[in-house]
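Chemist: Pasting a structure here, questions to come.
The values are calculated or read from the model by the stated rules, or taken from the named source; none is laboratory data. The shown structure was predicted, so the numbers you read here are calculated from the model rather than taken from an experiment. Cβ atoms come from the backbone with ideal geometry, glycine included; neighbour counts cover every protein chain shown. Accessible surface is based on the protein model in full, side chains and every heavy atom, while ligands, DNA and RNA are left aside. Shrake-Rupley method; radii C 1.70, N 1.55, O 1.52, S 1.80 Å.
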Amino acid sequence: MVHPENEYLEMCRHILKNGIKKQDRTGTGTISIFGYQMRFDLSQGFPLLTTKRIPFRLVASELLWFIKGDTNIRYLLQHNNHIWNEWAFKNWVESDEYEGPDMTNFGLRSLENEQFNELYQKEMDKFVKRVLNDDEFAKKYGELGPVYGKQWRSWETSRGETIDQLKNVIEEIKRNPNSRRLLVVAYNPGEISGMALPPCHSLFQFYVADGKLSCQLYQRSGDVFLGVPFNIASYALLTHLIAKECGLSVGDFVHTFGDAHIYLNHIEQVQTQLSRTPRPFPTIKLNDKVNSVFDFELEDIELIGYDPHPAIKAPVAV
């Protein structure tokens, strides 16, 4: 039987073989394809990649952050999750109030210059401490703008009303599981300019059949080595949480891409990952006493039987 992780590994191979070299916003450069789809049967195990270790607690805390409608990194930092730091830090160092050393293009410079990297890490540590301990600073510079959580829970209409898309879609799954309108949209053109990063995972749709809940994600842009493994696990977990509240089993997670790319400075890491043999997927156990998606905390979500290969480090393009 073919291991389900090969869905992801085959995409990596396909991009390396058929991708086109393109320049990108970060200045790093990518190998890119347009249009690709993966499918994972969630009843066959939880799709947390095993050919490299994926930090599940970061995946879960980020998803709970989205679900809460939060857009400030303070919650993430309180849970020792630093995956959004660079985008908030960028807002700080580009502001008129920043008086520290020049941090222009800090992402690339920190990779190329060890001395600068030490300076950058010191500035980042100061930034994180201020977000955690200074309420006013956190409000101003921990904020990422109207990113995922805002759009999922408080989409603003032209009439000044707000729509709780996530709550509405859960209620609709319970009320009318055959609906073809079970969508949540994160890509809001009217608010893109205020976002630290326009949503890469743009919309997701649910589908109910034979007592099973399936989810399809459309991702306009996917950093295949670093970001996509998180995205797979995040939306698989979201499907588990919503299925539990709605009294359904889990079906498939379908992952559809626009621009799927491997950064040029990730190629060696991808090749290392492709040399490894997948191990059995873990499973997820949810606290039976928690019924609502909106009531889950980290301690209510247990990952069982995860035995991956070691992590593979790679730089984040900001």
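Chemist: Rounded to the nearest 10 Å², what accessible area does Lys140 have for a 1.4 Å probe in the complete protein model?
Modeler: 120 Å²
Chemist: Right, another one. If you place +1 on the Cβ of every Lys and Arg, -1 on the Cβ of every Asp and Glu, and leave all else neutral, what size is the dipole of the stretch 13-127 about its Cα centre, to the nearest 20 Debye?
Modeler: 900 debye
Chemist: Leaving ligands, DNA and RNA out of it, work out the accessible area of Asp134 with a 1.4 Å probe and give it in Å² to the nearest 10.
Modeler: My reading of the accessible area for Asp134 is about 50 Å².
Chemist: Let me see the pair-distance distribution of the stretch 54-105: every alpha carbon pair, 5 Å bin width, integer percents in order.
Modeler: 4, 19, 25, 18, 14, 12, 8, 1
Chemist: Calculate, in whole percent, how much of the Cα-Cα pair population of the chain lies beyond 32 Å.
Modeler: Numbers: 14575 of 50403 pairs.
More than 32 Å apart: 29 percent of the Cα pairs in the chain.
Chemist: Then there is this: Rounded to whole Å, give me the distance from the Cα center of the stretch 106-123 to that of the stretch 126-156.
Modeler: Here the answer is 24 Å between Cα centres.
Chemist: Where the only charges are on Cβ atoms (+1 Lys, Arg; -1 Asp, Glu), what is the dipole of the stretch 185-318 about its Cα centre, to the nearest 20 debye? If you can, show how the numbers build up before the last one.
Modeler: Details: 8 positive and 14 negative charges, 69 e Å.
So the magnitude is around 340 debye.
Chemist: In whole percent, and with a 1.4 Å probe on the protein chains, what portion of the accessible area of the chain is carbon and sulfur? Numbers along the way, then the final one.
Modeler: Working: 7180 of 15490 Å².
Using a 1.4 Å probe with all protein chains present, the chain comes out at 46 percent carbon and sulfur.
Chemist: What are the radius of gyration and Dmax of the stretch 160-299, computed over its Cα atoms and given in Å?
Modeler: So, for the stretch 160-299, Rg and Dmax equal 17.0, 53 Å respectively.
Chemist: For the charge dipole of the stretch 176-318, defined by +1 on Lys and Arg C-beta atoms and -1 on Asp and Glu C-beta atoms about the Cα centroid, which residue among Phe296, Tyr218, Leu197 has the Cα displaced farthest towards the positive pole?
Modeler: Of the options given, the answer is Tyr218.
Chemist: Sticking with this structure for a sec: Could you compute the net charge surrounding Leu16? Neighbours are other residues with a C-beta less than 13 Å from the C-beta of Leu16; K and R count +1, D and E count -1.
Modeler: On the way: positive: Arg13, Lys17, Lys21; negative: Glu10, Glu268.
It works out to a net charge of +1.
Chemist: Then there is this: Dipole magnitude of the stretch 73-137 about its Cα centre, charges +1 at Lys/Arg Cβ and -1 at Asp/Glu Cβ only, in debye to the nearest 20?
Modeler: Magnitude of the dipole: close to 280 debye.
Chemist: Defining a contact as two alpha carbons under 8 Å apart and six or more residues distant in sequence, what relative contact order in percent does the chain show?
Modeler: 28 percent
Chemist: Give the distance, in whole Å, between the Cα centre of the stretch 242-318 and the Cα centre of the stretch 33-105.
Modeler: Answer, in whole Å: 13.
Chemist: Further question on the same structure: Counting only Cα, what are the radius of gyration and maximum Cα-Cα distance Dmax of the stretch 1-82, in Å?
Modeler: Values for the stretch 1-82 (Cα only, Rg and Dmax): 16.6, 44 Å.
Chemist: Leaving ligands, DNA and RNA out of it, rank Glu268, Glu156 by accessible area with a 1.4 Å probe, largest first.
Modeler: Numbers: Glu268 140, Glu156 95 Å².
If we order Glu268, Glu156 from most to least accessible, we get Glu268, Glu156.
Chemist: Moving to a separate point now. How much solvent-accessible surface does Glu10 expose, in Å² to the nearest 10, with a 1.4 Å probe and all protein chains in place?
Modeler: That residue has around 90 Å² of solvent-accessible surface.
Chemist: Where does each of Asp300, Asp307, Asp41 land when they are ordered by accessible area, with a 1.4 Å probe and the largest first?
Modeler: The ranking, largest first, comes out as Asp307, Asp41, Asp300.
Chemist: In addition: Under a 10 Å cutoff between Cα atoms, tell me which one of His79, His201, His255 has the largest fluctuation in the Gaussian network model of the chain.
Modeler: Checking each option, the largest mean-square fluctuation is seen for His79.
Chemist: Where only protein heavy atoms count, and the probe is 1.4 Å, what is the accessible area per residue for the chain in Å²?
Modeler: That works out to 49 Å² per residue.
Chemist: Moving to a separate point now. At 222 nm, what value in deg cm²/dmol follows for the chain if DSSP H runs of at least 4 each add -39500 (n - 2.57) and the sum is divided by all its residues, to the nearest 500?
Modeler: Value at 222 nm, helices only: -11500 deg cm²/dmol.
Chemist: Once fully extended, how much extra length lies between Asp164 and Glu118, figured as 0.36 nm per residue of separation less the alpha-carbon to alpha-carbon distance?
Modeler: Contour length minus Cα-Cα distance gives 12.3 nm.
Chemist: Based on the Cβ-Cβ distance from His3 to Gln23, what FRET efficiency comes out when R0 is 41 Å, to the nearest 0.05?
Modeler: Details: r = 35 Å, r/R0 = 0.85.
According to the calculation, E is roughly 0.75.
Chemist: Can you give the Rg and Dmax of the stretch 111-216 based on its C-alpha atoms, in angstrom?
Modeler: Gyration radius and largest Cα-Cα distance of the stretch 111-216: 19.4, 59 Å.
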